[in-house]
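Just so it is clear, none of the values below were taken in a lab; they were calculated from the coordinates. The structure presented is a predicted model; accordingly, all values stated were derived computationally and were not measured. Every residue, glycine among them, receives a Cβ derived from its backbone with ideal geometry; neighbour counts consider all protein chains shown.
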Amino acid sequence: MRAAIFLDRDNTIIHNDGHLGDPDAAHLMDGVASSLIRMRDAGFDLIVVTNQSGVARGLFTEDDVKAVHRSIDRSIEQATAREDVILDWYYSPWHPEAVVDVYKGEHHTRKPAPGMLLQAAREHDIDLARSWMVGDQERDIEAGIAAGCRSILLASDMVETQAEKSCPTLNAAADHILAESRRI
């Protein structure tokens, strides 16, 4: 079985403080491309797991979410000259207060539930005990813990978290993960 690093999308890989359905507005955060390459070259599969309630809120469609992901993939490819960086993308379009009825309600894939991580583990033969969840919200950490992963919260301030570690950047998170993987 393989080890993975599950990554939240917004404010982990790209800048986004709202709902993003425009692929032209997806911009990598500083240092993300090199951090992804370091983790990938260390043998980790990289899988993005992201809540996208903008679909449930009627702000954009699932096709728009997929277009944003293709745009991010292209940005990573341009920055790294590699096409093998992100193994797969998972998103959860549901929300309890949806205006689009088909997406209304709680769903096992909506973080903090671990559904996206569990699905990815089944589909890609991932050993969750050897894997990590990295994100900027406590719900990311909760999903990782519920799936059986180690976790890192991206936060520049000292905040209370269930995460194993808090790091200010993805690069610092990569440093920690790679140091821990050498100790095993």
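Things worth noting here:
- Taking Cβ atoms as reference points and 10 Å as the exclusive limit, the residues near M1 contribute a net charge of 0, counting Lys and Arg as +1 and Asp and Glu as -1.
- Estimated translational diffusion coefficient (Stokes-Einstein, Kirkwood radius over Cα pairs, 10 °C, 1.306 mPa s) of the chain: 97 µm² per second.
- Whichever aspartates and glutamates have a C-alpha closer than 16 Å to that of K165, once near sequence neighbours (fewer than 8 apart) are set aside: D8, D136, E138, D140, E142, D157, D175, E180
- Burial ordering of M39, M133, fewest other beta-carbon atoms within 10 Å first: M39, M133
- Under 28 Å of direct C-alpha separation, and excluding same-chain neighbours fewer than eight residues apart, K66 reaches these lysines: K104, K111.
- The chain: most fluctuating residue of L87, L154, L170 per GNM, C-alpha cutoff 10 Å: L87
- Cα-centre dipole for the chain with unit charges at Cβ (Lys and Arg positive, Asp and Glu negative), debye to 20: 480
- Taking GluC sites (Glu not before Pro) across the range 51-142, the ones in a DSSP loop with at most 15 further Cβ atoms lying within 10 angstrom of their Cβ are E83, E97, E106.
- Residue exposure sequence - D140, D10, D73 - by fewest surrounding Cβ within 10 Å: D73, D10, D140
- Estimated 222 nm signal from helices in the chain, with DSSP H stretches of n ≥ 4 weighted -39500 (n - 2.57), rounded to 500: -11000 deg cm²/dmol
- Normalising the average separation of contacting C-alpha pairs (under 8 angstrom, six or more residues apart) by the number of residues puts the relative contact order of the range 4-183 at 22 percent.
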